[in-house]
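For reference, the structure discussed in these notes is given below.
Computed from the coordinates by the stated procedures, all read-outs in this text should not be read as laboratory data. Because the structure is predicted, anything quoted here is derived from the model rather than measured. Backbone-built Cβ (ideal geometry, glycine too); neighbour counts: all protein chains shown.
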Amino acid sequence: MKVLIIEDELPAVEKLKNYLSKFSESITVIDTLNSVQSTVNWLRTAKEMPDLLFMDVQLTDGLSFEIFNKVDISLPIIFTTAFDEFAIDAFRLHSIDYLLKPIKFTDLSRAMQKYNDLKNWTGAEKSEEIYQELAQQVYKDRFMVKHGQHIQTIKTEEVALFYADGRIVYLVQTDGRKYIIDYRMEELQKLLNPRIFFRVNRTYLVNINEVKDVAVFSNSRLKVATYVNFAEDIVVSREKVHSFKNWLEGL
């Protein structure tokens, strides 16, 4: 299996090489590149294409997304970055995973297993339609939040719900703590596993594991109570009642 690494930080390149070697001795890193332009030039002139790209989002001369405006790429990609704000752009491409730095071996292993599972399932390594389908199955597993002058990450499984107050969107942890996050509700719907999170109305996205009780409400609607202590009523809009019930049943 041939891998091309596009990364402008030498320590990150060495870490990826070590992790890939540890994951499988059959993996060969055929080259490493550190900029948008060098990658474009390489892809335009390469006699042999890799099976998989590891691509940092921020390179020495710009964002790696610029590469796609200059050359056609139909290869599966695992994006790497220190920031999670580019996830939505990555998912629109041939991304099969989006790894946040510092990357752990377990993160890389999981991403490589996704690639291998897809390849074994299809019997083909470069099917554009299938990789786009897989990209839809990659869901966000953590969020970066600010707490005073500090930055921390919160696992998605530790989120009880998300809610919007005007244009501001909040993340509420299972322990009741809440943080402002830089996402719109529409973006969160694309990033979150729909089997776990359901948007009950325009304001709330709730975690199935945090639903404590569901009661019949006025006008054929439903009211959701969560394990986290939340003052406002969380009401399932009438048009979503049927799909909400299916969601509760796992359909």
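Odds and ends about this structure:
- Relative to the current alpha-carbon distance between Tyr170 and Asn69, full extension at 0.36 nm per residue lengthens the span by 33.0 nm.
- Furthest towards positive pole of dipole, Phe217, Val228, Ile30, structure part the chain, Cβ charges: Phe217
- Its Cα gyration tensor gives the stretch 172-216 an equivalent ellipsoid. The semi-axes, each the square root of 5 times an eigenvalue, are 18, 14, 10 Å from largest down.
- What the phi angles of the stretch 163-173 give under the Karplus curve with 6.51, -1.76 and 1.60, with θ = phi - 60°, is a coupling list of 8, 10, 10, x, 8, 8, 10, 10, 9, 10, 6 Hz, glycine and proline written as x.
- Diffusion coefficient, µm² s⁻¹, Stokes-Einstein with Kirkwood Rh over alpha-carbon pairs of the stretch 157-251 at 10 °C and 1.306 mPa s: 119 µm²/s
- Partners for Lys240 among lysines (Cα-Cα distance below 24 Å; same-chain residues under 8 apart left out): Lys140, Lys190, Lys212, Lys223
- Between Asn209 and Phe105, the modelled label-to-label distance comes to 2.6 nm, taking each label 7 Å out from Cα in the direction of the beta carbon.
- Potential lengthening of the chain between Asn229 and Asp61 amounts to 55.7 nm, from the contour at 0.36 nm per residue minus the alpha-carbon distance.
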